[in-house]
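The values are calculated or read from the model by the stated rules, or taken from the named source; none is laboratory data. From a predicted model like this one, the values you see are computed outputs, not experimental measurements. Neighbour counts are summed over all protein chains in view; Cβ atoms, including those assigned to glycine, are modelled from backbone coordinates with ideal geometry.
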Amino acid sequence: MSAAYSAVHNNSCLPFIHTWVIKEFQHFCDKQNLLHFIISEPFNSPAPNDSNNNIKLEYTWRLVADIENIGEDFSLYMYIVALQTDFEREKELNDRISTFRFKVFKNQIHGNMNSFEEFIMFNQNSFTHRTKFGIKNAHGGKLCKINQLFPNNDTSISTNIIIRVHINELEKSQNDFKNNINNSSLFSYSLEQFFNNPHFSDVTFTFDCGSELKASRLVLAAKSTYFMNMFTGEWTESNQSKIAIKGVKYEYYKAMIYYFYNGSLDSGLNFDALMGLFSEADMCQIEDLIVIVANKIVEMISNENWHEILLMGWQSNNNYLKKAGLKFVHENWLNIKNTENMKFIIENLNVEWMEELMSISKTNFYRRA
């Protein structure tokens, strides 16, 4: 049994807050009848208005409590799920960039005692995430072990779990986000003097080429929820001082870590390096870096590389790269339709991508007619 309520402040700078209460949580933790997923009812939060039609929009979400069994330990994980709205479906949007902050509490009634306690979530700070739609793309992390919720493993204690999620949508444009992202960072000043500095590092990344890169866990975790989860979760790497990075070029990973320390990109990155950096940022879900690198890549689009940008947009589900690639095809169709790059794209298409490309070619055909 669960209950929920929401609150939104008139001041748009303050977050929307939704509270989900899972009552009698102890019943879900009975190992004889363990229910792994507990899913909240859908709830809505304010979304940026459609400036073209002045329509008031909302985003739809669900929260998920997941009890996972890792070895002999049962642990509680919390996730947020983005549900695609009719407006997003109409606009062919596949994800949304949002900021989140979780607060989780437990309320226990044991005899005449009534206790209320806050639990430290995987990341108490607000974090930005590109949330794709659907439960398989839920974003979150580990809260605690189940036995931490119940003294002496006594699951007969009446226990309510209260989850509060703060959601504050990013209404900035790509360029605004790129120019102002450092203002929201934990470290707003450059740490370049500490980059790859062994005196201020406690983890070393090794690469297939034999190169090594030193970094601070604190800096990486502060800049990225991916690294926060790596160093604080159940990952093998969480307790390792040396972490092997397989199948990734040293230059790409170095550029990502450099960004964490300096707050800006290395000015010497060429197109190939930017594409490699984009792949790493996308895999690690470094949302601010994804936006900045995508902007740089699009600025360099040409007859020689448009096919790589378009394919990357499709493969990473990045609308900014995809639309830039399709726009280039539309505007340069006669010059590129019979090229090796077009042949390369066609050989790598799936049905959905083929339909998008065909719609561009048909538009050009009718335009010429």
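Listing for the model above:
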read-out: Within the stretch 291-306, tally of residues that are loosely packed, with under 13 Cβ neighbours inside 10 Å and either among the charged types (D, E, K, R) or in contact with a Cys (Cβ under 6 Å, 6 or more places away or on another chain) (or both); value: 2
read-out: Within the stretch 31-66, considering residues that are modelled with pLDDT under 80 and assigned to a strand (DSSP E or B), the one nearest to Lys145 (Cα to Cα); value: Phe37
read-out: Set Ala324, Ala294: member being of a type in the set (Gly, Ala, Ser) and within 16 Å of Leu357 (Cα to Cα); value: Ala324
read-out: Pair list, Cβ < 6 Å and 6+ apart or interchain, from the stretch 145-169 residues that are of a type in the set (Asp, Glu) to residues that are modelled with pLDDT under 85 and assigned to a strand (DSSP E or B); value: Glu169/Ser98
read-out: Tally of residues being touching a Ser or Thr at 6+ places or on another chain (Cβ under 8 Å) and hydroxyl-bearing (Ser, Thr, Tyr) across the stretch 326-346; value: 0
read-out: Output for the stretch 240-263, where each listed residue is exposed (fewer than 13 other Cβ atoms within 10 Å of the Cβ) and either of a type outside the set (D, E, K, R) or closer than 13 Å to Leu274 by Cα (or both); value: Ser241, Ala244, Gly247
read-out: Test: residue in the stretch 316-329 that is among the aliphatic types (A, V, I, L, M) and more than 28 Å from the chain's Cα centre (by Cα); value: yes
read-out: Residues being under 17 Å from Leu213 (Cα atoms), out of contact with any Ser or Thr (no Cβ under 8 Å at 6 or more places or on another chain) and not in a loop (DSSP other than H, G, I, E, B) - total across the stretch 255-272; value: 5
read-out: Single unsatisfied condition, Gln285 versus (1) part of a helix (DSSP H, G or I); (2) closer than 22 Å to Leu93 by Cβ; value: (1)
read-out: Top-ranked residue of the stretch 317-348 - restricted to ones that are under 26 Å from Glu287 (Cα atoms) and not in a helix (DSSP H, G or I), ranked as modelled with the highest pLDDT; value: Asn318
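Every residue, every condition in (1) over 30 Å from Pro42 (Cα atoms); (2) at pLDDT 85 or above; (3) of a type outside the set (A, V, I, L, M); (4) loosely packed, with under 14 Cβ neighbours inside 10 Å, yes or no:
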position: Ser126; (1), (2), (3), (4): no, no, yes, no
position: Lys142; (1), (2), (3), (4): no, no, yes, no
position: Ser156; (1), (2), (3), (4): no, no, yes, yes
position: Asn175; (1), (2), (3), (4): yes, no, yes, yes
position: Gly210; (1), (2), (3), (4): yes, yes, yes, yes
position: Arg217; (1), (2), (3), (4): yes, yes, yes, no
